[in-house]
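Chemist: Here it is: the structure, laid out below.
The values are calculated or read from the model by the stated rules, or taken from the named source; none is laboratory data. No experiment lies behind these values; they were computed from the predicted model shown. Reconstructed Cβ throughout: ideal geometry from the backbone, glycine too, with neighbour counts over all protein chains shown.
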Amino acid sequence: MDYILEGFREALKLLISFDKEVYDIITLSLFVSTTATIIASLICIPLGIHLGLKEFKGKRAFSRILYTSMSVPSVIVGLVVAIALSRRGPLGGLNLLYTPKAMIIAQTLLVTPLILGLTYSLSKNRGKEIEKVGTSLGAGRGDIIVLTIKELKLDLLVNVVTAFSRAISEVGAVMIVGGNIKNRTRVITTTISMMNSMGDYPMAIALGLVLLLMSFVINSLIYTYSGED
Amino acid sequence: MKRFLALSISILLLFTILVGCKADSGQDVGEPEEEVVEESTEPAEEETAEDEVGGRIILSTTTSTQDSGLLDYILPVFEEKYGIEVDVVAVGTGKALQMGRDGDADILLVHAKESEEEFVAEGYGKARFDVMYNDFILVGPKDDPLKLKEKFPKDILGGLKTIAENEFTFVSRGDDSGTHKKELSIWKEAQIEPAGDWYLEAGSGMGDVLKITDEKQGYTISDRATYLNMRDELDLDIIIEGDENLFNQYGIIPINPEAFDDDVKGRINEEGAQIFLDWILSDEAQELIGEYGVEEFGMPLFVPNAK
């Protein structure tokens, strides 16, 4: 039992002393997941709203496929990206495997269906009213999308945060395409996994605490914000 | 229609749970950690202690014995003969020893002699026995850009010195495993402190490290078994082999239950571990070890040397 307490003590020491390795790992985690979430959001929010408002053939089937793909396992995304980026793969010439860029690509693909699905469902359920008002005021297609984003910004923000949480907490995809290389592609989750297999708990616990703390802060912010609304 | 749907979904769920439980008792290597933790909490005390003495042992070993396929080759023979199931938890040597210290394993099969002797000296292991050895090799790009194969076919120290001087990409396990420790000891022998942009610490298993090396077209030190198993998928050749510095001895250590408190002690399957120990040191098992790999690769992967 001692080693657990010892682990916590060492973990706090690492955090308080601003251990460079620990903070580099945290920074890379934030960078990769934030970038992936932003890229996916920029594409998926307008697209999701558009698709949600638009009536088209096979919309029911489309909804189902989209909702299913929201829960695609991260290892599968990792595997697909790794195969594509491998030197013998179709995109091998880019030399991207085992770099942070590959990790961003993988996480972007991972959260894309999530953001698209959540936005789509939001706009399908609540966008009609906004569309009606917009059309009656003579707005075009683009204006309506902008208007919807403005009206639903809080809900959209919650969706984006949900996607970010998924990105920063997943380990499968970044492990496969990043390779967990020290000082290069090592992020919080892959480090925890590796430290555990090395039987070295302090750093794993320290990073685990940071991950929990981040989720807590993010969620608190969202709740406070939406509570005021 | 709705009732039918609900019914079929519940049946499906039930089925999944049943299948899930059943698979749990097998060799689920995917989530070794979880399984072990589960075992050591509640049910182990009642069940394994009474009904199934000798029914199941946890063998904590290195990824190399698992990845090489050796255990899949020899363990079924043991399991059939004695009716004892061997649950293999394949991790780095560091973690394997830690599992031993935590009382989460019954017997260890690892390869880092110094750490092993320390482990026995601390009282966690009863004794350490030689089982077999394999050797490491330096692998690198097929065109061998540093021409190490011509210059140092059997001299790993010369090879590593050249890599370091040229700052050529070298991928290290970096995971505190036996292979990693071995690699570090060879760097030390060569009086080089490997560090810099060219020295990548992967923190991963051998298979992953070989893939990274292949992608980066660098050099790495690998155990022969894992390399031979994967060579068809890799653009890597054996560059340096046969240096004595590259030999690698495996030892087996049964856990000493006396090192633990009473509640942990009861969970350690001492009897089963002893039977396994006697078996793996026996002529039968040693022969099996010596013949593994001959058929597939034309050479044995491990050389048995139990005394």
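Chemist: When residue B:214 is evaluated against the numbered criteria (1) at pLDDT below 90; (2) not in a strand (DSSP E or B), which criterion, by number, is the only one it fails?
Modeler: Going through the list (1) at pLDDT below 90; (2) not in a strand (DSSP E or B), residue B:214 breaks only (1).
Chemist: Can you find a residue that is within 13 Å of chain A (Cβ to nearest Cβ), farther than 16 Å from residue B:213 by Cα and touching a residue at least 24 places away in the same chain (Cβ under 8 Å) anywhere in the stretch B:159-177?
Modeler: Checking the stretch B:159-177: at least one residue is within 13 Å of chain A (Cβ to nearest Cβ), farther than 16 Å from residue B:213 by Cα and touching a residue at least 24 places away in the same chain (Cβ under 8 Å).
Chemist: For residue B:268, all conditions in the list (1) under 17 Å from residue B:125 (Cβ atoms); (2) surrounded by fewer than 19 Cβ atoms within 10 Å (Cβ to Cβ) hold save one; what is the number of the exception?
Modeler: With respect to (1) under 17 Å from residue B:125 (Cβ atoms); (2) surrounded by fewer than 19 Cβ atoms within 10 Å (Cβ to Cβ), residue B:268 is out only on (2).
Chemist: On to the next question. Could you please tell me which pairs satisfy a Cβ distance under 8 Å, a separation of 6+ or placement on different chains, a first residue in the stretch B:237-251 that is more than 19 Å from residue B:149 (Cα to Cα), and a second residue that is β-branched (Val, Ile, Thr) and in a strand (DSSP E or B)?
Modeler: Qualifying pairs under 8 Å: B:250/B:110; B:250/B:131; B:251/B:110; B:251/B:131.
Chemist: So if I check each of A:22, A:32, A:72, which one is over 28 Å from residue A:147 (Cβ atoms) and more than 20 Å from the chain's Cα centre (by Cα)?
Modeler: Only one candidate passes the filter, namely A:22.
Chemist: Something else now. So which of A:55, A:21, A:10, A:6 is part of a loop (DSSP other than H, G, I, E, B) and of a type in the set (Asp, Glu)?
Modeler: Exactly one of A:55, A:21, A:10, A:6 is part of a loop (DSSP other than H, G, I, E, B) and of a type in the set (Asp, Glu), namely A:55.
Chemist: Considering only the stretch A:149-162, state which residues are over 16 Å from residue A:220 (Cα atoms) and surrounded by 18 or more Cβ atoms within 10 Å (Cβ to Cβ).
Modeler: A:152, A:156
Chemist: Pick from the stretch B:128-144 the residues that are part of a loop (DSSP other than H, G, I, E, B), in contact (Cβ under 8 Å) with a residue 40 or more places away in the chain and at negative phi: which of them is surrounded by the most Cβ atoms within 10 Å (Cβ to Cβ)?
Modeler: B:128
Chemist: Condition test on residue B:106, is it in the same structural domain as residue B:299 (by TED's automatic domain parsing), buried (at least 23 other Cβ atoms within 10 Å of the Cβ) and not small (Gly, Ala, Ser)?
Modeler: Yes; evaluated as a whole, the condition is true for this residue.
Chemist: Identify, from the list B:193, B:215, the residue that is over 17 Å from residue B:299 (Cβ atoms), more than 9 Å from chain A (Cβ to nearest Cβ) and among the charged types (D, E, K, R).
Modeler: B:193
Chemist: Got at least one residue in the stretch B:53-60 being at pLDDT 90 or above, among the polar types (S, T, N, Q) and assigned by TED's automatic domain parsing to the domain that holds residue B:256?
Modeler: Yes - at least one qualifying residue is present in the stretch B:53-60.
Chemist: Among the residues of the stretch A:11-38, which ones are of a type outside the set (Ser, Thr, Tyr) and surrounded by 17 or more Cβ atoms within 10 Å (Cβ to Cβ)?
Modeler: Matches in the stretch A:11-38: A:11, A:14, A:15, A:22, A:25, A:26, A:28, A:32, A:36.
Chemist: Now for a separate question. May I ask you to list the residues in the stretch A:173-207 that are more than 11 Å from every other protein chain (Cβ to nearest Cβ) and without any contact (Cβ under 8 Å) to a residue 24 or more places away in the chain?
Modeler: Scanning the stretch A:173-207 gives a single hit, A:192.
Chemist: Pull up the stretch B:109-122, narrow it to residues that are part of a helix (DSSP H, G or I) and buried (at least 19 other Cβ atoms within 10 Å of the Cβ), then point me to the one that is farthest from the chain's Cα centre (by Cα).
Modeler: Across the stretch B:109-122, the extreme among qualifying residues is B:119.
Chemist: Kindly evaluate residue B:153 against the criterion of being in a loop (DSSP other than H, G, I, E, B) and more than 14 Å from every other protein chain (Cβ to nearest Cβ).
Modeler: yes
Chemist: Could you grab me the full set of residues in the stretch B:210-233 that are aliphatic (A, V, I, L, M), over 21 Å from residue B:71 (Cα atoms) and free of Cβ contacts under 8 Å to residues at least 60 places away in the same chain?
Modeler: Correct list: B:212 only.
Chemist: Now, a different point. Consider the stretch B:97-142. How many of its residues are within 13 Å of chain A (Cβ to nearest Cβ), among the hydrophobic types (A, V, I, L, M, F, W, C) and within 20 Å of residue B:174 (Cα to Cα)?
Modeler: Qualifying residue count for the region: 4.
Chemist: Could you check, for the stretch A:154-169, whether at least one of its residues is away from every other protein chain (no Cβ under 12 Å), farther than 18 Å from residue A:108 by Cβ and touching a Pro at 6+ places or on another chain (Cβ under 6 Å)?
Modeler: no
Chemist: Which numbered condition in (1) in contact with a Lys or Arg (Cβ under 7 Å, 6 or more places away or on another chain); (2) crowded, with 18+ Cβ neighbours inside 10 Å; (3) outside the structural domain of residue B:240 (by TED's automatic domain parsing) is the only one that residue B:125 fails?
Modeler: All conditions pass for residue B:125, except number (1).
Chemist: Of all residues being crowded, with 22+ Cβ neighbours inside 10 Å and more than 7 Å from chain A (Cβ to nearest Cβ) in the stretch B:87-96, which is farthest from the chain's Cα centre (by Cα)? Just the residue, please.
Modeler: Here the residue is B:96.
Chemist: Might you let me know whether the stretch A:210-226 holds any residue that is within 14 Å of chain B (Cβ to nearest Cβ), small (Gly, Ala, Ser) and surrounded by fewer than 22 Cβ atoms within 10 Å (Cβ to Cβ)?
Modeler: No - not one qualifying residue is present in the stretch A:210-226.
Chemist: Turning to a different aspect of this structure: Just a yes or no: is a residue in the stretch B:195-214 closer than 23 Å to residue B:251 by Cβ and of a type in the set (Lys, Arg)?
Modeler: no
Chemist: Filtering the stretch A:22-55 down to residues that are within 14 Å of chain B (Cβ to nearest Cβ) and in contact with a Ser or Thr (Cβ under 9 Å, 6 or more places away or on another chain), which residue is farthest from residue A:117 (Cα to Cα)?
Modeler: A:25
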